[in-house]
Amino acid sequence: MSGSFLRKIRIIVSIIFFIPTTFLFADIFSFIPPYLSNGIVYLQFAPSVLKFIALLSVSSFGFLIILILTILFGRVYCSSICPLGTLQDFVNWIRGKIKRSDKRRFEFLNEQKTLRLSLLIIPILVFVFGSSLAINLLDPYSIYGRFAGNFFRPIMVGLNNIAAFVSDRFKLYAVYGYDLKAFTLIPFIITTAFFVFVVVMSWIKGRLYCNTVCPVGTLLGYISKFSLFKIVIKNEDCLSCGICAKECRANCIDSDNKTIDTSRCVMCFDCLTNCPTNGIVLDRTYFKHSNIQSSNHVNLDINKRSFLFKSSVFLISLSSLAAQIQKKIVVTKPSTKPVFRKNAVSPPGSVSIDKFNGKCTACHLCVSACPTQVLQPSFLEYGFLGMLQPRMDNIASFCNFDCKICSDVCPTGAILPIDLEKKKLTQIGKAIFVKDNCIVQTQKTDCGACSEHCPTKAVHMIPFEGKLFIPETRDDYCIGCGACEFACPTKPYKAIYVEGNREHKLAKKNVEQKKLEEKINYKEEFPF
Amino acid sequence: MDRREFLKQSITVTAASVTIPGIFGNYFAKTSKILPAAFDLVAVKGGEADVMFDDAIKALGGMKNFVKSNQKVCLKPNIGWDVSPERAGNTNPKLVSRVIKHCFDAGAKEVLVFDHTCDNWRRCYSNSGIEKAVKDAGGKIVSGDSENYYQDVSVKSGKKLTNAKVHEVLLDSNVFINMPILKSHSSTRLTIAMKNLMGVVWDRGYWHSNDLHQCIADYATYRKPDLNIVDAYYVMKRNGPRGVSVDDVTTLKSQIVSTDMVAADAAAAKLFGIEPDEISYIKIANAMGVGKKDLSSLNIKRIIL
């Protein structure tokens, strides 16, 4: 197979993965059903590993497929499945278009081994000790998800609203306007900062993020050192012209010494395409004896291998322990708002705030999928370790009673799949009534907006002064959906709000009233 | 003409062609003249929701009395909640579809349907069965979910509510048909015709925090519907307006049709088993002259199927 053919395959495959993944985060129309969404992100490495740890089911074998692919062909995940990788290739391509003369601009860089390994080990250790914060900040899929959610989604909203504006002007009402119900500034700034960081690195040095920072890249990189197929320099055909090194976006070809650092090679095949003599080829490394010597076989580091092996085993075997350790972790909660809420509210299916904080990589797929937009990125509502993870924002919206889409789409298992009937009884928080803020108390007029919206009538109206009725909350029936808080019209502080449950509980079904059994005589005269 | 100039000009022309019909659209929309109907109110009982409407509208001289040919009709059912039709949280879709059919038979050019829902609007529209009913009947369903649809109007006789943002579909249409469902309501005891109009404005919170009953009556003075069709086929007797389960629902198989919102609300309240005087907004609206709550003074047609 020729190099240019391989390169074309790589580009096509990366587009096949990139476009649906991007659309998923910008899908304000709910076009993509959850099962398809699961399929699209199935192969995303970090979420799949986390989901496997959470569920131990076939629904999360995606990472095994990636491991097998890596053992066979090296870092193909990085070259075509990872959306952040494709984004960087796109940035490179743009730069190539702008600065044509400067096209051949890469050069071999030495490996930042300590940095790479530290950035692989730290997220694993932090995860084992109960927080996914480091994975959440470094995982390329999650970074891309946040980026797509924060940028492409508003663009989609803008395009939709322009179409809606035109359609409405002509009174066609064919396209409906879409309102973004909340904007979270600090998560947006963090997302933008990461995005700029990655784009600037790729603009200057190609896949530098993938080869120095990305923990997934490092893990797959070290595995790919043992892969069946590798890019190798054929000494007899190589002219030492150095074109391959200049083409190498991964900065991993040392043409002077004729070596390739396979751990950093992202299998883009650009070197193969540009080599004038077939001096660099994709070749099978096992099951054959030849005079091809790939440098990494020479410089084999046994200690590193065993270290990597051990850390992988560590990751998988200790994860069950992690759940127990997590409970002991105290998540600090600096309050940022003058509200009375002690705990943020985590989505139904997340079981407990600590479990959620330990598993969520903040890719914000649920934020994009949530039809009511109640899920919004947090800043410090969960505490530092839960930064950027989604929370229920009852000021923006409230959780729809008959909906569990977030649990259907979550790729990491931070929001576990939940049965709809169970979701309807899962108490993620409790409504707390602040009588002194309530309109019925302060203005002596009827309101009841909270009770109106309550799907279980946990908030009901009881007789108050004169003919008035005032809300009363009943914890047993409350599921913490936040409809009451959203509907409450008092400002600036709400008269009813949801206090998050650290551990989700099961609410009772409201069955206090028997089925109405009125005998109605349809022939009876009207009462007027 | 260089490229920049060309772009500038084409944008200006496009913008003008887009905005001009919008500005003058209201100018051409005229409200229909209603012929004096034979009855002030029609009450029907014992049939299917759509069949009952056939009889009610016949008693009022047919839909032609309300909709003239080539007119634009706005229908405002209650689609507030993400619940199925048997839960009686939303207007009966069968009835909606039949009313649209009558409008088209009377020559309507277009029938537009919307509600500013409480639950997620897409789910409300689809799970209430109303979106499908409207589309099948040839009507157009419009979102009420974006503030852009709502235009400022002033409510001249309002005491607490002096202005509101009202959905443009209502403002643009020649005929406005109000299609509430009779339900128990935790804030106002009952929701019927006048309360249903809370779904045509953007900021409901203002109503709740500024004497809800007065605001409901105030808004009722702004634009009286040309026809009110109260669906009381399935009736939610308690836990309204959303309801907890089908256990809250009873099958009354009734319908009240009137041009007078206050009369319709009074009759529906009696049907429910609550005296109209128990409900503040009915009393206030009556006093403000929106309509008549005293049913004995009205010419009522009662039909039992």
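The values are calculated or read from the model by the stated rules, or taken from the named source; none is laboratory data. The structure displayed is predicted, hence computed values, not measured ones. A quick note on method: Cβ atoms are made from the backbone with ideal geometry, for glycine too, and the neighbour counts reach across all protein chains shown.
Just one of the numbered conditions (1) at pLDDT 95 or above; (2) polar (S, T, N, Q); (3) out of contact with any helix residue (DSSP H, G or I) (no Cβ under 7 Å at 6 or more places or on another chain) is not true of A:Q44; which one?
Only one criterion is unmet by A:Q44, namely (3).
Any chance segment A:468-480 includes a residue that's more than 7 Å from chain B (Cβ to nearest Cβ), in contact (Cβ under 8 Å) with a residue 12 or more places away in the chain, touching a helix residue (DSSP H, G or I) at 6+ places or on another chain (Cβ under 7 Å) and assigned to a loop (DSSP other than H, G, I, E, B)?
Looking for residues that are more than 7 Å from chain B (Cβ to nearest Cβ), in contact (Cβ under 8 Å) with a residue 12 or more places away in the chain, touching a helix residue (DSSP H, G or I) at 6+ places or on another chain (Cβ under 7 Å) and assigned to a loop (DSSP other than H, G, I, E, B), one finds at least one in segment A:468-480, hence yes.
Restricting to segment A:191-215, give me the number of residues that are surrounded by 23 or more Cβ atoms within 10 Å (Cβ to Cβ), part of a helix (DSSP H, G or I) and of a type in the set (G, A, S).
The total comes to 1.
Of the residues that sit in segment B:244-265 and are in contact with a strand residue (DSSP E or B) (Cβ under 9 Å, 6 or more places away or on another chain) and of a type in the set (S, T, Y), which one is nearest to the other protein chains (Cβ to nearest Cβ)?
B:T250
Looking at segment B:271-290 only, could you name the residues that are more than 9 Å from chain A (Cβ to nearest Cβ), surrounded by fewer than 23 Cβ atoms within 10 Å (Cβ to Cβ) and either touching a Phe, Trp or Tyr at 6+ places or on another chain (Cβ under 9 Å) or not in a helix (DSSP H, G or I) (or both)?
Residues satisfying the conditions are B:I274, B:E275, B:M288, B:G289.
Can you name the number of the only condition in (1) surrounded by 15 or more Cβ atoms within 10 Å (Cβ to Cβ); (2) over 23 Å from A:L385 (Cβ atoms); (3) hydroxyl-bearing (S, T, Y) that A:T114 fails?
Looking at each condition in turn, A:T114 falls short on (1).
So which of A:C484, A:C454 ends up being touching a His at 6+ places or on another chain (Cβ under 8 Å), more than 10 Å from chain B (Cβ to nearest Cβ) and at pLDDT 90 or above?
Residue meeting the stated conditions: A:C484.
Conditions first: (1) charged (D, E, K, R); (2) within 16 Å of A:M201 (Cα to Cα); (3) surrounded by 17 or more Cβ atoms within 10 Å (Cβ to Cβ). A:E107 passes all but one, so which condition is the exception?
(3)
Do you know which of the residues in segment A:397-417 that are of a type in the set (A, V, I, L, M) and within 17 Å of A:G149 (Cα to Cα) is nearest to the other protein chains (Cβ to nearest Cβ)?
This residue is A:I405.
Count, please, the residues in segment A:492-528 that happen to be among the charged types (D, E, K, R), within 24 Å of A:H460 (Cβ to Cβ) and either more than 12 Å from chain B (Cβ to nearest Cβ) or out of contact with any strand residue (DSSP E or B) (no Cβ under 7 Å at 6 or more places or on another chain) (or both).
Residues that pass the stated criteria total 9.
Would it be correct to say that B:A268 is buried (at least 17 other Cβ atoms within 10 Å of the Cβ) and within 13 Å of chain A (Cβ to nearest Cβ)?
yes
If we scan segment B:175-186, do we find a residue that is within 14 Å of chain A (Cβ to nearest Cβ), of a type in the set (D, E, K, R) and over 17 Å from the mean Cα position of the chain (by Cα)?
The answer is no, given that none of the residues of segment B:175-186 is within 14 Å of chain A (Cβ to nearest Cβ), of a type in the set (D, E, K, R) and over 17 Å from the mean Cα position of the chain (by Cα).
Name the single residue, out of those in segment A:168-190 being aromatic (F, W, Y) and either within 14 Å of chain B (Cβ to nearest Cβ) or not in a helix (DSSP H, G or I) (or both), that is farthest from A:D89 (Cα to Cα).
My answer is A:F170.
Which one of these does B:N239 not meet: (1) in a strand (DSSP E or B); (2) at the interface with chain A (Cβ under 10 Å from one of its Cβ atoms)?
Checking B:N239 against (1) in a strand (DSSP E or B); (2) at the interface with chain A (Cβ under 10 Å from one of its Cβ atoms), the one that fails is (1).
Kindly indicate whether A:F151 is more than 27 Å from B:H116 (Cα to Cα) and in a helix (DSSP H, G or I).
Judged against the criteria, A:F151 is a match.
Return only the number of the condition from (1) within 14 Å of another protein chain (Cβ to nearest Cβ); (2) part of a loop (DSSP other than H, G, I, E, B) that B:S157 does not satisfy.
Among (1) within 14 Å of another protein chain (Cβ to nearest Cβ); (2) part of a loop (DSSP other than H, G, I, E, B), B:S157 violates only (1).
Please determine, by comparing only the residues of segment B:291-305 that are surrounded by 14 or more Cβ atoms within 10 Å (Cβ to Cβ) and of a type outside the set (A, V, I, L, M), which one is nearest to the other protein chains (Cβ to nearest Cβ).
Going through the qualifying residues, I end up with B:R302.
Taking segment B:96-112 only, how many residues are under 17 Å from B:A232 (Cα atoms) and within 13 Å of the chain's Cα centre (by Cα)?
Counting residues in segment B:96-112 that are under 17 Å from B:A232 (Cα atoms) and within 13 Å of the chain's Cα centre (by Cα) gives 2.
Within segment A:391-398, does at least one residue satisfy the condition of being closer than 24 Å to A:P83 by Cα, crowded, with 24+ Cβ neighbours inside 10 Å and touching a Pro at 6+ places or on another chain (Cβ under 8 Å)?
Looking through segment A:391-398, none of the residues is closer than 24 Å to A:P83 by Cα, crowded, with 24+ Cβ neighbours inside 10 Å and touching a Pro at 6+ places or on another chain (Cβ under 8 Å).
Cβ-Cβ below 9 Å, separation at least six or inter-chain, first residue in segment A:18-39 and on the phi < 0 side of the Ramachandran plot, second assigned to a loop (DSSP other than H, G, I, E, B) and exposed (fewer than 13 other Cβ atoms within 10 Å of the Cβ): which pairs?
Here the result reads A:F23/A:F31, each pair linking segment A:18-39 to a residue that is assigned to a loop (DSSP other than H, G, I, E, B) and exposed (fewer than 13 other Cβ atoms within 10 Å of the Cβ).
Looking at B:N163, B:N148, which one is surrounded by fewer than 20 Cβ atoms within 10 Å (Cβ to Cβ) and more than 11 Å from chain A (Cβ to nearest Cβ)?
Answer to the check: B:N163.
Of all residues in segment A:420-437 being modelled with pLDDT of 95 or more and part of a loop (DSSP other than H, G, I, E, B), which is farthest from the other protein chains (Cβ to nearest Cβ)?
So the residue we want is A:L425.
Determine, yes or no, whether A:Q373 is over 24 Å from A:P215 (Cα atoms) and not β-branched (V, I, T).
Yes.
State whether the residues of segment B:256-266 include one that is in contact with an Asp or Glu (Cβ under 7 Å, 6 or more places away or on another chain), within 20 Å of B:T91 (Cβ to Cβ) and free of Cβ contacts under 8 Å to residues at least 40 places away in the same chain.
no
Residues checked against (1) buried (at least 22 other Cβ atoms within 10 Å of the Cβ); (2) under 21 Å from A:C82 (Cα atoms):
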position	(1), (2)
A:G217	yes, yes
A:K230	yes, yes
A:C248	yes, yes
A:I253	yes, no
A:N257	no, no
A:Y286	no, no
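From (1) among the charged types (D, E, K, R); (2) in contact with a helix residue (DSSP H, G or I) (Cβ under 9 Å, 6 or more places away or on another chain); (3) at pLDDT below 90, pick out the condition that doesn't hold for A:R502.
Among (1) among the charged types (D, E, K, R); (2) in contact with a helix residue (DSSP H, G or I) (Cβ under 9 Å, 6 or more places away or on another chain); (3) at pLDDT below 90, A:R502 violates only (3).
In segment B:37-54, how many residues are within 14 Å of another protein chain (Cβ to nearest Cβ) and either more than 20 Å from A:P527 (Cα to Cα) or not small (G, A, S) (or both)?
Qualifying residue count, segment B:37-54: 9.
Filtering segment B:201-236 down to residues that are among the β-branched types (V, I, T) and out of contact with any Phe, Trp or Tyr (no Cβ under 8 Å at 6 or more places or on another chain), which residue is nearest to the other protein chains (Cβ to nearest Cβ)?
Ranking the candidates gives B:V230 first.
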